[in-house]
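A short worksheet on the structure shown next.
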Amino acid sequence: MPNRANLCLIGFMGSGKTTVGQLLAQKLGWKFSDSDREVELLTGLTIPVLFAYYGEPYFRFLETVVLRDLTARRAHVIATGGGAVLTPANRELLKGSGPVIWLRASPEEIYARTQTSHGRPLLETVARRERIAELLAAREEAYASLCDFALDVGALTPDEVVMRILSWLNGRKRAGKEGVTGCC
Ligand code: S3P
């Protein structure tokens, strides 16, 4: 029986899933969880250390372990890592857990947002701009096919993103589709 009681944020690194997720959870009176943070808590290791010493496949395995737990909860806004949508099991878990929202941004926007940030092993390259374009192109279809709502976040502040999501949720409720308790 699917548990459609949460709200999941997907999107590329730097699209604002954590910031928006925290604000959205506050507005809804829900809890917030971030799958990357949960992986770090579970292992006691940072993501760069996990990638460097154990490799990406082990990180992906842990990501699924954590998402299985998070998606079984209720009234959680769940922010996922940018590559979570690549794993078929994760896609199933997210789809069954509640509305999935894609925070969409262009390669240029992502580059600008992540230019000075560190801690994302897949972006630690001198050719960051090219890497972003390459990864985004490879993932776009997965984001698009999984989401219930895609929102272009490039020109929006986190508060504006939250308002758009809330109004989408309200519209959905008015249309008699599945509502999200506490959103209106
Ligand atoms: C990854 C995104 C990161 C983190 C890891 C891998 C990816 O999360 O899960 O570094 O493959 O896109 P954020 O999207 O929160 O940066």
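Throughout, read-outs are computed from the coordinates displayed, never taken from laboratory work. The model shown is predicted, which means the values in this text are computed figures rather than measured ones. A quick note on method: Cβ atoms are made from the backbone with ideal geometry, for glycine too, and the neighbour counts reach across all protein chains shown.
Per the helix-only calculation at 222 nm, which mean residue ellipticity applies to the chain, given -39500 (n - 2.57) for every DSSP H run of n ≥ 4 and division by its residues, nearest 500 deg cm²/dmol?
Here the helix-only value at 222 nm equals -16500 deg cm²/dmol.
Among Thr46, Ala72, Pro57, pick out the residue whose Cα is farthest towards the positive end of the charge dipole of segment 7-174, where Lys and Arg carry +1 and Asp and Glu carry -1 on C-beta, about the Cα centre.
In segment 7-174, that residue is Ala72.
Determine the sum of side-chain charges near Leu166: Lys and Arg each +1, Asp and Glu each -1, restricted to other residues whose C-beta is under 13 angstrom from that of Leu166.
+3
Cβ under 13 Å from Val39's Cβ, Val39 left aside: what net charge do those residues give with Lys, Arg +1 and Asp, Glu -1?
-4
Charges at C-beta only: +1 for Lys and Arg, -1 for Asp and Glu. How large is the resulting dipole of segment 45-153 about its Cα centre, in Debye rounded to 20?
The dipole of segment 45-153 has a size of about 280 debye.
Considering only the other residues whose Cβ falls under 14 Å of the Cβ of Tyr143, what net charge follows from Lys and Arg at +1 and Asp and Glu at -1?
+1
Taking neighbour counts of Cβ atoms within 10 Å as a proxy for exposure, in what order, fewest first, do Tyr143, Tyr54 appear?
Least to most surrounded, the residues fall as Tyr54, Tyr143.
Could you check the simple spin-label distance between Ala133 and Trp168, using points 7 Å along Cα→Cβ, in nm with one decimal?
Between Ala133 and Trp168, the simple spin-label model gives 2.7 nm.
Put a dot 7 Å past each Cα toward the Cβ at Thr19 and Ala175; how far apart are the dots in nm?
The modelled label-to-label distance comes out at 2.8 nm.
Given charges of +1 on the Cβ of Lys and Arg and -1 on the Cβ of Asp and Glu, with all other atoms neutral, how large is the dipole of the chain about its Cα centre, in debye to the nearest 20?
Charge dipole, the chain, about its Cα centre: 660 debye, nearest 20.
Among Val20, Leu103, Trp30, which residue has its Cα positioned farthest towards the positive end of the charge dipole of the chain, with +1 placed on the Cβ of Lys and Arg, -1 on the Cβ of Asp and Glu, and the dipole taken about the Cα centre?
Checking the options against the dipole of the chain, the answer is Trp30.
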